[in-house]
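A short reminder: the numbers here are calculations on the coordinates, not readings from a lab. Every value quoted in this text rests on a predicted model; they were computed, and no experiment measured them. With ideal geometry, Cβ positions are generated from the backbone for all residues, glycine too; neighbour counts draw on all protein chains shown.
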Amino acid sequence: MKVAVINFSGNVGKSTVAKHLLKPRIPDAEVITIESINADEGEEQALRGRQFAELQEYLQITDNVIVDIGASNVEELLSSMKRYRGSHGDFDHFIVPTVAALKQQQDTIATLVELAQLGVPACKVRVLFNMVEDGEDLAQVFDAILSFLVAHPVAQADPACRIGANEIYGRIRRTGVELSALLADETDYKALIAAAKGQAEKIRLAQRLAARRLAAGVVPELDDCFAALRLDDRPRTSAAV
Ligand SMILES: Nc1ncnc2c1ncn2[C@@H]1O[C@H](COP(=O)(O)OP(=O)(O)OP(=O)(O)O)[C@@H](O)[C@H]1O
Ligand SMILES: [Mg+2]
């Protein structure tokens, strides 16, 4: 299965979704992150044509891949997809995470429009509602996107494709730690904390205990979200050129 995680907006959770929702649930999947490369002068360098050509080649020779497209590269990627007619067909699905802020919803709509204009069929595009707060009325909070989709059904948007706001994602960001590993950790932290000498050590252990508790809460939620995405709904091979 080949999945692109995409949105013109930054900070909507593309990398979080790629790493913590999709990778652990798509067997043998690898994550390719297309992020800006920092040039020597510290300037950001966007995806170039050659890199897109390489990505396309790579997609032909690999089976399970999740491509996480950093916001600063989305425009370039989409215009490359325009040049290489039909190349969007390399992906089985496009997942578009969004958050509730109006600007992000507008960017999400713009992303959905671009995908539709490229010729990506609605059945391949999934909106994913991220950072949903407890007790929030999803239909109301994401009204901009949902109303747009009623008028222009260019993507699937199942309210069950949601991830709650949870501090665990921030805590484990940029560490190699996987949520499943936190969950599988059977350490008796309470005993270790009781036996620990210094305050700093006790706090370090308490943080690990807290992370495991948070992981225990989010993993079932991510399982439900993944099931609701229904990525197996369509054949994995694409007829596109
Ligand atoms: N469900 C969530 N709850 C709480 N924090 C979250 C959630 N999803 C993502 N975050 C946090 O929001 C920030 C942005 O997430 P992430 O890096 O995944 O976004 P992105 O779309 O990949 O951004 P960029 O376009 O800059 O690459 C990170 O600090 C991440 O830990
Ligand atoms: Mg990212």
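Scan the range 186-212 for residues that are under 27 Å from GLY164 (Cα atoms) and either surrounded by 13 or more Cβ atoms within 10 Å (Cβ to Cβ) or of a type in the set (Gly, Ala, Ser) (or both) and report the count. Step through it out loud before you land on a result.
Of all residues in the range 186-212, those under 27 Å from GLY164 (Cα atoms) come to 186-187, 189, 203-212.
Imposing the further condition that a residue be either surrounded by 13 or more Cβ atoms within 10 Å (Cβ to Cβ) or of a type in the set (Gly, Ala, Ser) (or both) reduces the set to 189, 204-206, 208-212.
Total meeting the criteria: 9.
Of all residues being part of a loop (DSSP other than H, G, I, E, B) and within 15 Å of LYS124 (Cβ to Cβ) in the range 1-18, which is farthest from ligand 2 (Cβ to nearest atom)? Just the residue, please. If you could, list the steps in order and put the result at the bottom.
Going residue by residue through the range 1-18, those that are part of a loop (DSSP other than H, G, I, E, B) are 1, 6-13.
So of that shortlist, the ones also within 15 Å of LYS124 (Cβ to Cβ) come out as 1, 6.
Values: MET1: 20, ILE6: 11 Å.
The extreme case among them is MET1.
List every residue pair whose Cβ atoms lie under 8 Å apart, where the two residues are 6 or more positions apart in sequence or sit on different chains, the first residue falls within the range 202-230 and is charged (D, E, K, R), and the second residue, located anywhere, is part of a helix (DSSP H, G or I).
That search, which allows pairs on different chains as well, returns LYS202/ILE193; ARG208/TYR189; ARG212/LEU182; ARG212/LEU183; ARG212/TYR189; ASP223/ARG25.
Every residue, every condition in (1) within 16 Å of ligand 1 (Cβ to nearest atom); (2) under 23 Å from LYS2 (Cβ atoms); (3) more than 16 Å from the chain's Cα centre (by Cα), yes or no:
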residue: VAL113; (1), (2), (3): no, yes, yes
residue: VAL125; (1), (2), (3): no, yes, no
residue: ASN130; (1), (2), (3): yes, yes, no
residue: LEU138; (1), (2), (3): yes, no, yes
residue: VAL141; (1), (2), (3): yes, no, yes
residue: SER147; (1), (2), (3): no, no, yes
residue: VAL154; (1), (2), (3): no, yes, yes
residue: ILE163; (1), (2), (3): yes, yes, no
residue: ILE168; (1), (2), (3): yes, no, no
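Here is a yes/no grid of residues against (1) assigned to a helix (DSSP H, G or I); (2) touching a residue at least 24 places away in the same chain (Cβ under 8 Å); (3) surrounded by fewer than 19 Cβ atoms within 10 Å (Cβ to Cβ):
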| residue | (1), (2), (3) |
| --- | --- |
| GLU136 | no, yes, yes |
| VAL150 | yes, no, yes |
| PRO153 | no, yes, yes |
| TYR169 | yes, yes, no |
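Can you tell me how many residues in the range 171-197 are more than 9 Å from ligand 1 (Cβ to nearest atom), in contact (Cβ under 8 Å) with a residue 24 or more places away in the chain and in a helix (DSSP H, G or I)?
So the answer is 4.
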